[in-house]
Amino acid sequence: MSLAFCGNENNSLAYNVDRGVLNNGCFLDALNVVPHIFLLFITFPILFIGWGSQSSKVHIHHSTWLHFPGHNLRWLLTFILLFVLVCEIAEGIVSDGFTQSLHLHLYMPAGLAFMAGITSIIYYHNIETSNFPKLLLALLFYWVLAFLMKTIKFAKYTEHSVGLRQLRYCITGLLALLYGLLLAVEINVILGRRYLCFTEATEVKPPEDLQDLGVRFLQPFVNLLSKATYWWMNTFITAAHRRPIDLKVIGKLPIAMRALTNYLKLCKAFESQRRPLGSMPQGPKWIWRALRQAFGRPLIISITFRFLADLLGFAGPLCISGIVHHISKDNRTIQPPLLGVYFISSQEFLANAYVLAVLLFFALILQRTFLQASYYVAIETGINLRGAIQTKIYNKIMRLCTSNMSMGELTVGQICNLVAIDTNQLMWFFFLCPNLWAMPVQIIVGVILLYYLLGISALIGATVIAVLAPVQYFVATKLSQAQKSTLEYSSERLKKTNELLRGIKLLKLYAWEHIFCHSVEETRGKELTSLQTFALYTSISIFMNAAIPIAAVLTTFVVHVHISEEADLSPAVAFASLSLFHILVTPLFLLSSVVRSTVKALVSAQKLSEFFSSDEIGDEQEPNATMPTGPSNHKTIPSGPRNHNNKYQAVVSTQLSHNVLRTLCFLEIITSGYFTWTDGTPTLSNVNIKVPFGQLTMIVGQVGCGKSSLLLAALGEMQRVSGTVTWNMMTDSEGEQVVTCQVTEDWMRLRGSVAYASQKPWLLNATLVENITFEMPMIKPRYKAVIEACSLQPDIDILPQGDQTEIGERGIILSGGQRQRIGVARALYQQTNVVLLDDPFSALDIHLSDHLMQEGIRKLLREEKRTVVLVTHKLQYLPHADWIIAMKDGTIQTEGTLKDIQNSDPKLFEQWKTLMHRQDGEFEKSMTVLERKNLRRAMYSKEASKTEEEHEEESVESEEDDSLSQAMRHRTTIPWRSCGVYLSSAGLLLPLLLLSQLFKHTLMVAIDYWLAHWTSHVITAKMDECGFSHSWYLSVFSVLCCLGIVLCLVTSVAVEWTGLRVAKELHHNLLSKIILAPMRLFETTPLGNILNRFSSDTNTIDQHIPATLECLSRSTLLCVSALGVISYVTPVFLIALVPLAIACYFIQKYFRVASRDLQQLEDSTQLPLLSHFSETVEGLTTIRAFRYESRFRQRLLEYTDANNIASLFLTAANRWLEVRMEYVGTCVVLIAAVASISNSLYNHLSTGLVGLGLTYALMVSNYLNWMVRNLADMEVQLGSVKRINGLLKTEPENYEGLMAASQVPDGWPRQGEIQIQNLSVRYDTTLKPVLKQVNAHISPGQKVGICGRTGSGKSSFSLAFFRMVDTFEGRIIIDDIDIAKLPLQTLRSRFSIILQDPILFSGTIRFNLDPEMKATDDMLWEALEIAQLKPVVKTLPGGLDAMVTEGGENFSQGQRQLFCLARAFVRKSSILIMDEATASIDMATESILQKVVMTAFADRTVVTIAHRVHTILNADLVIVMKRGIILEYDRPQALLEKEDSVFSAFVKADK
C-alpha cells in the first residue's frame, strides 16, 4: 500500500478541483498545514539559541517567574487543544481504515498541529521565565493564521452539508473555537503588558516571596503542568540523595502560608462575627463559622477536584466493558464519501477498541491528577488552619488569668493537648472533608452503573456492602477503645520501667532486679492482653476489607444467574461490574475513619471554644481613671494587645511641683487593694503599701501569708476586687518628669519591664547563657559580675560545654539550688529599673545566700540604683533593708524601716531578733558541694557516652575517608537485617503467614480466571446458538469464593498474631538483657535513650509494624499477581514492563530517602513547638513581668512555620511519588489494553481473558504507590527494631559462679572478716584501673572509715565487694570464701549497703523495706524504730501499707535516707557498707544515724565511706585513699597524732 498525501486511487475524487480549489477536502487539509510549519520554523531557532544561553547560566533564578496575564487559562486551553488534536488524529486514522490507499491528509496536518501545540507552550514557558514578552509576536501570528485556516475549513464543511452527525465537523468547529480563544489570550497579554502598540511597557515585579531567596517551596508559583505533576520537586528529591534534608534546605514558607498570615485571616473571620454590641458569640458554632469563612474557599476547590476525579474513575469499568464488547462482535457500515474523503460518526469512532484504550489512558491520567490535586489542596488548607489555630491558642495563653492556671482549671497538660491533639484533629478533619462530599456521589453513580449493567441483582450485591458498613464502624469504635486501654497499661509499664532504670544500681546491689523485672512483666502481660483485643479487631477490619468485595460479587452473580435464564453474563458485563464493585468498596471503608474523624473534630472544636472563652487578664470593668503619662527611662515599653475601644484618656503632666514629687518618690503604691485568685474571699485584703524608689524593700511573714501574691498583685496577675495599683516611673532628667500609671485595663501597655525571679525557678530549654541573658544583648563584664554574684562559675565549670550547655526542659539536669540561682542571675542581668525577687534563698545554703545577698543584691543592684523588692524567710538580712513590709494572713501587719518597726511594734521586733540569731547560729549543711558532686556525676556519665560515640566516629572516619558518601549509601538501603530480626522473632508463625498470603492471592487470581473462563464460554455458546447451563461454572465459582473468604480471615489473623508474638518476644528479651546488663551500660547510656526503647520503639513494634507489614505484603502481592496475569494474557507486555520497572525502581529509591528525612524533620520540628507552649504556660508570670510577650510570640511563629514547612514538603513529596507511580500505572493500562486488543483481533484470544487482563491492569495503577508508601513507612519503623536489636547485643554480667548457690553456707558471712589481697579494679576493660594493688585486712565487727578527695576511688572500693566493677587482679576473701567464686545473686543478697542518694520506689512502705516479702511485721517495725521512723510511719494511714509516691516525694530527703537505713537493717547481714550515706542530711539527723549504726550494728562489720571526716573519728580503723591506692591505714587517733598525715589535714579543713 503506497503512501500519498491525498491517496492514490485511480478514480480519486481527492484531486478533483473542478469546483474551485477550496472545495477540495485534501487541499483544505494541506492549507491547514501552513500555520504549523510557520510556527515550527520560527520558534525552533529561538528556542535553541535561548536554551544555549540558559545552559551557561545553569539555572535561572526563580524570581523571574512572572506569570503573564491569562497564564493558567492558556495552559488549560493548550491541554484541551492537544486532547482534541489527538482525537482528530485518531479520527483520521479510523476513517482512513475504510479505504484501500492511505490518505495522509486525514491525520498528518493534525499530527503537525499537535507538534506545534506542544512547541507553542514550551516556547511560551521559556519566554515567560526569561521575562521577554516581545517574542510572543510569533505566537500571535500563529494563532491568527491557525484560527483563519480552521474557520475556512469549518465554513466549507457547513457549505457541503457536513453536519453534527459527522465527528470531524464537530472537531473542526471545536478547534476553530480553541484557536480563537488562544488568540484572545494573546491579545490580553499585549493589553496587560503593553509590549506592542504602546509607548511604555508595564513595569512588573515578581511576587514578594520570590524576591526572597530563602523561599524554596515553589508550588504556588510554578506553571500549571509543574503544579499538577510536582515537577519542581524533582531537583529537591534527587538532592536528598546527596545530602540530608534539614531546615536550611527546605527554606522559608511562602508568605501566604505563614502562620501569621493565616492567623490574621482567622482573626478577621472571628471579628466579622462580633455582635453589634461588640461581644463575641460563644460555643463551637462560631469556631466552625470562622473556619469556614477563613479556609472555605480552598476546600471547595479540593471538593470540586475530588468530584471530577471520582466521576472520571468510572471511565475504567465503562471502557473495559466497551473494549470487551467491541472485540466480541465485528461491525462496520460504510457511508459515501463527501468532499472526496470518508467521514465517520461519533458512534463508529467510539466503536473502535483502540480508540477506547487511548481514551481510557487519558481519563486515568486526568483522574489521577485531579485526585492528587484534591489531596494536596485539602492537606495544605489543613496545615494552614493548624498554624492559625496554634497561633490563636498561643495569643490566648498570653492573656490568660494566672488564677485559671493556679486553681487547676487549666493545666499545662490540657493546654499542650489542645496544641498537640485538638489542632491536629481539626487538620485531619479538613484532610478528610472532601471524602464527606464525594462518598455519596461515588456510591450513587456506582450503584446506577451496576444497575444498568446487571439489573436488579446489582442492588442485592450493593446491599451486601451497605449492610456490612455499620459492622465496619462498630469494629472501628472497638479498635479505638482497645487502643485507649492499651495506652493506660503501657503508661503504667513505662512508669515501672522508669523506676527500675532509675534505681538499677540499688536493685543490683541488693539482688532485687528479678523482683522488679517480674513486676514489669506482669504489667506487660496485662498490656498484651489488651493488645490481643486490639489485634483481634484489627484483623477483623483487615478481613472485612478483603472479604466484602468477594462476598458482594458472589451474591450478585449467583442472583443474576438465577433470576433469569437469559441473563447476559458476557465478559463485558462481568468484568465491568467487578471493577465497579472495587470502586464501590473504597468509600465504605473510608466511611468509618471519616465518621470517627468528624466526631473527634466536633469534640475538639468544643474544647477550643471553652478555652477561648476562659478568663483573660484585665477583663473586669474598672472605675474611670486618668493617667498622667510621659516618657519613662525605659527605652522601650513593648506594647501589649491594643484594646479596640480605648475608654481612658491619657493626660500628660510635666513640671510637677516638688510637693507632688515627694509623694511620688515611691515606685509602686497600692491603696486599699483587695485581690483574689478565685471568686471567693480575697487572698489579699485591705493592702496599703509603698515601695520606695531605688531602695531595697523586703517583704517578710510566715509561710502562706500572701507574700508572693502581693508581688503578683503588683504585676497585675491577680484579679482585683477593688483599690488601685499605681506605678510611678522616674526619668533620668533629674526628676523633671514623672510617669504614673494605674493598673487598669491598659496597665499592660504602660507598666515597663520588670525583672522578676519567681519562687519556683522557671528555665527555658536553651543554653545556660541564653537563660541568663534572656533575649538581652551579651555584655561580657556585666555577665561575669552576675555569674560571680550568683556563684555560678563552679557549676559552669562542671558542665561539659560550660555556659553553652543545653540545660534541658525545665532545667532537668540541674538541682533546685542551681536552677534558683540561674533564675536570680537572669533578674540581675536585665537592665530594668525594678527587680522583684520571690524567695531567692529558699533552695540555697547559708554560704551561697550570704554571697548572693552581699555581691548580688547589696552591691550589684544597689550600685545601679535599682528598686529591689525581696520576699524572704531569712530574717538575718533584715538590717540590710531600707524598707520592710511585714505580712500576716493576707494583710499588711506593718511597714517602715527597721527602726520604725522597733519603735512602733517592739513585740514583733523582739520576735524577729530571736529568730535572726537562731538562724545565724544554726550550722547548715553544705548542700552546694553535694549538688555539684551529683551534677559532676551526671555529666561524667554523659561525657563518657559522648566520648565513646566520638571514638566510634573517629574510627569510622579513619577507616573510610569519604564517610559522607558511605553514610549516603547507608541511607539508601533498606534495613533488611532488621527485617530479618523482626521476622525471625515470629518463630513458627512465619511459615503460616507466608503460606497463607501466597495461597490467598493465588485463590484471588483463580476466582477471576474462572470468571473469565466461564464468561468466554457464555459468548461462544451464544455464537453457536446452543443452550448453556451456568450451574457447573457457578458451583465452582462459589466454592472458590468461599475458600477465598476463609483464607482472607486466616491471613488477617496470621499477620496480627505474628505481630503480637514478635512484640512479646522482643520486649521480653530486651527487659531480660537490660536487667542483667553491667552498670557500665547505665552510666554511659543516657537513661532517656534506654527508656525510649521501652516506650516509642516498643509501641511501634506493638501497634504499627503489623499493620504496615500487612499493607505492604498485600499491595506487593497484588501488583505481582496483576503483572503476572497481564503477562500471561499478552506475553508482549513483558517487553514493555522492563522500562516501567526501571522507572519505578528509581522513583521509589529517591522517594524513600527524601520521605524518611522529611518525616524525621516533621517530628523534630514538632518537639520545640510543643515545649515552647508548655514553657510559656509555666513561665507566664515571668514573661508578662518582663514584657516579653511579643518576643515569645515571634518565636512561636518561627517554630510553627518550621513545623508547617516540613509538613508541606512531606505532603508535596507524597504527591510527587503518587503522581509518578499512578502515571506508570496508566502506562501499564494503555500497554495492556493495546496488546490484548491486538492479540484478540489477530490471534483470537478469548474475550474473557482480555477483560481479566484489563481489570488487573486497572488494579496495578491503584496499588503501585501504596506499595512504595508502605515500603517507606516500613523502613522508618524497622529503625525501632534496629535500635532494640542494638541493646540486645549487650554482654550481660557473669551471674554464674564456680560454686553453686546450694554450696554456699546458709548464714555466710557470719563473722564478717574481710581480707583484700592485691586488689586492682577498673570500670571497663577499655579503661584505666581505679584501684591499684590494694591490700587490707578488716577484722570481724570492726568499724572502718574510708576517706579521700573526690575521684580517689572510695566508691569503687565499696563496689568491688559486690563485683559491680571489673576485678582483673587480686581477690577479696570474706569469711574464707573468695567472692569471685560465688554466683552474683547469692553474693549480693548477703550484704547490705546504704547509698549516697536515697532511693525509694512507688508502692507500700512494706514493699520498700522488704520487696522479697521475707520479713515479719515485727521485724519491719523494729527496723523502723532503729531508724527513728516509727512515729512517722505510725501516723500515716495504713501504717506499713501506707503508699510511697514515685521517688519517695512524699518524704523529706532526710526521712528517705533513714528509710534506706531501715532497709539495710531488715536484711541483718553481718557486713554493712555506707557510701557517703549522710551527705544529704542535716547535722541532727546525721548524729542520730551515727548513734544507730554504733548501737544497732555493734557486732557487725561496718565500712563507711565518708564525705565529712568528723563522721569517722570514732571508727576502729581509717583508710585514706588517693588515686586508687591506700595512702594511710591506721587507727584515727594514731593518724591524728601525726602532724603531717593527710587525715589530720582533712580533719582540720572540716572544722
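The values are calculated or read from the model by the stated rules, or taken from the named source; none is laboratory data. Keep in mind it's a predicted model, so treat the numbers as computed, not measured. Please note: Cβ atoms are built from the backbone with ideal geometry, for glycine as well, and neighbour counts cover all protein chains shown. For the accessible areas, the whole protein counts, side chains as well, though only heavy atoms, and no ligand, DNA or RNA atoms are used. Shrake-Rupley method; radii C 1.70, N 1.55, O 1.52, S 1.80 Å.
Surface composition of segment 94-197: carbon and sulfur make up 73 percent of the accessible area, probe 1.4 Å. Multiplying the residue separation of residue 1135 and residue 130 by 0.36 nm and subtracting their alpha-carbon distance yields 357.6 nm. Of 203, 88, the order by accessible heavy-atom surface (1.4 Å probe, DNA, RNA and ligands excluded), from most exposed downward, is 203, 88.
Summary of packing: across the peptides 601-609, 378-386, the per-residue average of other C-beta atoms within 10 Å ranks them, highest first, as 378-386, 601-609. Under the combined filter of DSSP loop state and at most 12 neighbouring Cβ atoms within 10 Å, segment 1215-1315 retains these trypsin sites (Lys or Arg not before Pro): 1289, 1310. Taking label positions 7 Å along the Cα-Cβ direction at both residue 164 and residue 1414, the computed distance is 10.1 nm, reported to one decimal. Sort out for me the Cα centre separation of segment 697-719 from segment 572-608, rounded to whole Å. Computed from Cα coordinates, the inter-centre distance equals 58 Å.
Kirkwood radius and radius of gyration were both taken over the C-alpha atoms of segment 99-254, and their ratio Rg/Rh is 1.12. In segment 468-627, the ratio of gyration radius to Kirkwood radius, Rg to Rh, stands at 1.29 when only Cα atoms are counted.
Could you size up the charge dipole of the chain around its Cα centre, putting +1 on the beta carbon of Lys and Arg and -1 on that of Asp and Glu, and report it in debye to the nearest 20? Mind showing how you got there, number by number?
Values: 137 positive and 137 negative charges, 332 e Å.
Roughly 1600 debye, rounded to the nearest 20.
When 1494, 1259 are compared by accessible area of protein heavy atoms, the largest-first order is 1494, 1259, using a 1.4 Å probe. In the context of the full set of protein chains, the chain has a per residue accessible area of 43 Å² (1.4 Å probe). Axis of helix 423-454 versus longest Cα principal axis of the chain: the two differ by about 30°, to the nearest ten degrees.
Spacing of the modelled spin labels on residue 246 and residue 347, each 7 Å from Cα toward Cβ, amounts to 7.0 nm. For segment 1406-1457, applying the loop criterion from DSSP together with a ceiling of 14 other beta carbons within 10 Å to the trypsin sites (Lys or Arg not before Pro) yields 1414. For segment 1337-1384, which trypsin sites (Lys or Arg not before Pro) are both in a DSSP coil and crowded by at most 14 other Cβ atoms within 10 Å? In loop regions of segment 1337-1384 (DSSP not H, G, I, E or B), the sparsely surrounded trypsin sites (Lys or Arg not before Pro) are 1349.
If you take all C-alpha pairs in segment 770-869, what percent of them are over 17 Å apart? The share of Cα pairs beyond 17 Å in segment 770-869 comes to 48 percent. Per-residue packing, averaged as other Cβ atoms within 10 Å, sorts the ranges 1328-1339, 349-360 into the order 349-360, 1328-1339, beginning with the highest. Name the residues of segment 1375-1404 whose amide N is less than 15 Å from a point 7 angstrom out from the Cα of residue 1087 along the C-beta direction? Under 15 Å, as judged by backbone N against the label point of residue 1087, lie 1396-1402 of segment 1375-1404. Within the chain, the proportion of C-alpha pairs whose separation exceeds 56 Å stands at 44%.
Charging the Cβ of each Asp and Glu at -1 and of each Lys and Arg at +1, and nothing else, the dipole of segment 506-589 about its Cα centre rounds to 400 debye.
Expressed in nm to one decimal, what extension gain is obtained for the pair residue 1294 and residue 1061 from 0.36 nm per residue of sequence separation less their Cα-Cα distance?
On the way: separation 233, 0.36 × 233 = 83.88 nm, distance 2.89 nm.
Working it through step by step, the gained length comes to 81.0 nm.
Give, as ranges by residue number, the residues of segment 224-267 whose backbone N falls under 19 Å from the point 7 Å along Cα→Cβ of residue 1149. It comes to 234-245, nothing else. Against the longest alpha carbon principal axis of the chain, how many degrees, from 0 to 90 and to the nearest 10, is the axis of helix 284-313 turned? Taking Cα atoms only, the helix is inclined about 40 degrees.
Using a probe radius of 1.4 angstrom, the carbon and sulfur fraction of the accessible surface of segment 679-728 is 49%.
How would segment 1382-1498 be classified by its alpha-carbon gyration tensor: rounded, prolate or oblate, with rounded meaning a/c under 1.5 and the a/b versus b/c comparison settling the rest? Since a/c stays below 1.5, the shape of segment 1382-1498 is classed as rounded. With a threshold of 18 Å on the Cα-Cα distance, the over-threshold entries among 252/396; 478/607; 1343/1468; 478/600; 508/1430; 1064/1282 are 252/396; 478/607; 508/1430. Compute the label zone of residue 1381 within segment 1278-1309: residues whose backbone N is under 17 Å from the point 7 Å along Cα-to-Cβ. Those under the cut-off are 1296-1309.
In the chain, the longest principal axis of the Cα atoms and the axis of helix 963-972 are about 60 degrees apart. When both segment 1432-1446 and segment 1273-1295 are represented by their alpha-carbon centers, they are found 40 Å apart. At an R0 of 51 angstrom, the distance between the Cβ atoms of residue 211 and residue 863 translates into a FRET efficiency of 0.55.
What ranking do 254-266, 754-766, 125-137 get when scored by the average of other Cβ atoms within 10 Å per residue, highest first?
Result, highest mean Cβ count within 10 Å first: 754-766, 254-266, 125-137.
Considering helices alone, the calculated mean residue ellipticity of the chain at 222 nm is -20500 deg cm²/dmol, with DSSP H runs of length four and up weighted by -39500 (n - 2.57) and normalised per residue.
The length gained on full extension between residue 1430 and residue 607, counted as 0.36 nm times the residue separation minus their Cα-Cα distance, comes to 291.4 nm.
Shape class of segment 113-165 from the Cα gyration tensor (axes a ≥ b ≥ c, square roots of the eigenvalues): prolate, since a/c reaches 1.5 or more and a/b is larger than b/c.
Between the beta carbons of residue 1317 and residue 1069, assuming R0 = 41 Å, the FRET efficiency works out to 0.55 to the nearest 0.05. Per residue, the average separation of C-alpha pairs within less than 8 Å and at least 6 apart gives the chain a relative contact order of 10 percent. Against the criterion of solvent-accessible heavy-atom surface with a 1.4 angstrom probe, 1193, 502, 1061, 1184 sort, most first, into 502, 1061, 1193, 1184.
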